[in-house]
Structures are given as structure tokens and as C-alpha cells.
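The values are calculated or read from the model by the stated rules, or taken from the named source; none is laboratory data. Nothing here was measured: the structure is a model prediction, and the numbers come from that model. FYI the Cβ positions are ideal-geometry reconstructions off the backbone, even for glycines, and counts take in every protein chain you see. Surface areas here come from the heavy atoms of the whole protein model, side chains and all, with no ligands, DNA or RNA. Shrake-Rupley method; radii C 1.70, N 1.55, O 1.52, S 1.80 Å.
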Amino acid sequence: MRQPGDRAPAPGPLALVQDLLNTVDIEAGRDRLRTIAELTAFAAAHGATGLSFTDSDVTETRRFREALRDACRGHTGNEVPSASAAALRYTLATSPLLLTIDATGAARAVPATGLGGSAALIAEVAAAILNAATAGTWPRLKACAAHRCQWVYYDHSPAGRGRWCTMSVCGSRAKMRVYRAARSVGPSAG
């Protein structure tokens, strides 16, 4: 998926999480996960073929997506709303993971076998998050601080303190608002 400002996407499996979160364009009012066909196409495009979904899977995936967006807003210093934290706990509990150890001794989380529908897709996302958390990359997946945007981007900056999906659009808008607010107040009396 093309990123604003030509940012590089999230590395490895974390790109799945980023792509899921960006299936909605809040500013434009477009959602690409409204139907069973759209969810099936998204899953297939990310290697999760052979899954069948229901309308409730679409609803569950969208609810998970928005709660997960709030978690990514937490990476920029915002508190994750308790309703979102509860939704994540509930949804992740229905999408179990297993710990595997490969021939080199490396450990990673994988979805449990036998899952179907949204539980299987969400388990893939959960495994990507857990593996990214272990690698230390999970906190760099952030939701743009611009309320009208909230595009999820991967913060590649050395210090990891990025706040906007792109400085040239959302960052500039925010700085302009601050500038205009300061100008409207006028010079302070001294």
C-alpha cells in the first residue's frame, strides 16, 4: 500500500497490521472493509487464502481495526480508551497464538491451527504484533496525530518521535494552526 509522503511501509509482517489499519481513509470517508467480498479480498491479498467470512466477521474485524488504531495512537502519547482496550482483550482472546521454535532455536508466535473467519485473520495480525513487540518495532507503528487523518504509519525516524503521517501535509497543517493561533492573540504586553 502506498504511504503518504512516500514513507517506507512497516517492515516485514508488521506491514499486514499497517495495511489492515489503513483500509479506512478517515479524511476521505472511504472504508475498504465494508463487505464479505472486500474482507475476503484483503485476506487473500495478504496470504490468508481459503478463509470464508460472514457479516459478523466483517463487523468484528472492523471493530478490532479501530481498537487497534487507538493502540497505535497510544504510541504517540495518547491514552488508549478503556473501551478499545476491552475490545482488544476480547477479540484477541478468540484468536489464540502458539509459540514455535524453529531449527535454529528462534522463537516466534503463530496463529493456532483450526481457526476460521475473522479469528484466523486477527490471529495473523496478533502474531505480527507480538513478533514486532519482541523485535522492538511495534511502538513505531503510529496513528497520525491529526484527528481528521489518523493514517497509520511506521516511524522510521532515528529518535522514533514522529507524530504525523507526513510532515508536508498533516504536520504543516498542525504547525499552521499553532502559528495562526499565536498571531490571533497578538503581541504580549510587556
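Provide a single number: the residues in the stretch 61-84 that are hydrophobic (A, V, I, L, M, F, W, C) and exposed (fewer than 15 other Cβ atoms within 10 Å of the Cβ).
Filtering the stretch 61-84 down to residues hydrophobic (A, V, I, L, M, F, W, C) leaves 64, 67-68, 71-72, 80, 83.
Those still in the list that are exposed (fewer than 15 other Cβ atoms within 10 Å of the Cβ) too: 83.
Counting residues in the stretch 61-84 that are hydrophobic (A, V, I, L, M, F, W, C) and exposed (fewer than 15 other Cβ atoms within 10 Å of the Cβ) gives 1.
Where the second residue is part of a helix (DSSP H, G or I) and open to solvent by 50 Å² or more (accessible area, probe 1.4 Å) and the first is in contact (Cβ under 8 Å) with a residue 12 or more places away in the chain and farther than 17 Å from Thr61 by Cβ and lies in the stretch 77-91, which pairs have Cβ atoms under 8 Å and are six or more apart or on separate chains?
none
Going through Leu39, Leu33, Leu51, Leu21 one at a time, which residue ends up being touching a Lys or Arg at 6+ places or on another chain (Cβ under 7 Å), over 17 Å from Ala127 (Cα atoms) and surrounded by 14 or more Cβ atoms within 10 Å (Cβ to Cβ)? Break it down into steps so the answer makes sense when it comes.
Numbers: Leu39 fails: touching a Lys or Arg at 6+ places or on another chain (Cβ under 7 Å); Leu51 fails: touching a Lys or Arg at 6+ places or on another chain (Cβ under 7 Å); Leu21 fails: over 17 Å from Ala127 (Cα atoms).
Matching residue, one of Leu39, Leu33, Leu51, Leu21: Leu33.
Quick check on this structure: which one of Ser95, Ser118 is over 27 Å from Asp155 (Cα atoms), part of a loop (DSSP other than H, G, I, E, B) and within 18 Å of the chain's Cα centre (by Cα)? Spell out the reasoning first.
Details: Ser118 fails: part of a loop (DSSP other than H, G, I, E, B).
Going through Ser95, Ser118 in turn, the sole match is Ser95.
Inside the stretch 133-153, can you point out the residues that are under 19 Å from Ala8 (Cβ atoms) and open to solvent by 10 Å² or more (accessible area, probe 1.4 Å)? So that I can check it myself, show each step before the final result.
Quick first cut of the stretch 133-153, residues under 19 Å from Ala8 (Cβ atoms) only: 135-144, 149, 151-153.
Ala135, Gly136, Thr137, Trp138, Pro139, Arg140, Cys149, Trp151 - these are the residues of the stretch 133-153 that are under 19 Å from Ala8 (Cβ atoms) and open to solvent by 10 Å² or more (accessible area, probe 1.4 Å).
Restricting the search to the stretch 99-109, which residues are β-branched (Val, Ile, Thr) and either within 22 Å of Arg62 (Cα to Cα) or outside any strand (DSSP E or B) (or both)? Show your work before the answer.
Restricting attention to the stretch 99-109, the residues satisfying the condition of being β-branched (Val, Ile, Thr) are 100-101, 104.
Thr104 - this is the single residue of the stretch 99-109 that is β-branched (Val, Ile, Thr) and either within 22 Å of Arg62 (Cα to Cα) or outside any strand (DSSP E or B) (or both).
If you check Glu124 against the conditions, is it open to solvent by 60 Å² or more (accessible area, probe 1.4 Å), among the acidic types (Asp, Glu) and closer than 25 Å to Ala44 by Cα? Reasoning before the result, please.
On the way: open to solvent by 60 Å² or more (accessible area, probe 1.4 Å): yes; among the acidic types (Asp, Glu): yes; closer than 25 Å to Ala44 by Cα: yes.
Considered against the rule, which asks whether it is open to solvent by 60 Å² or more (accessible area, probe 1.4 Å), among the acidic types (Asp, Glu) and closer than 25 Å to Ala44 by Cα, Glu124 comes out as yes.
So, in the stretch 154-190, of the ones that are under 27 Å from Pro11 (Cα atoms) and in a helix (DSSP H, G or I), which residue ends up modelled with the highest pLDDT? Outline the logic, then answer.
Narrowing the stretch 154-190 to residues under 27 Å from Pro11 (Cα atoms): 154-172.
Retained after the next criterion (residues that are in a helix (DSSP H, G or I)): 167-172.
On the way: Met167: 52, Ser168: 50, Val169: 53, Cys170: 68, Gly171: 48, Ser172: 51.
Filtering first and then ranking leaves Cys170.
Does the stretch 5-14 contain at least one residue that is within 17 Å of the chain's Cα centre (by Cα) and farther than 17 Å from Ile129 by Cβ?
As a first pass, look at the stretch 5-14 and keep what is within 17 Å of the chain's Cα centre (by Cα): 7-14.
Pick out the ones that are also farther than 17 Å from Ile129 by Cβ and you get 7-8.
The answer is yes, given that some residue of the stretch 5-14 is within 17 Å of the chain's Cα centre (by Cα) and farther than 17 Å from Ile129 by Cβ.
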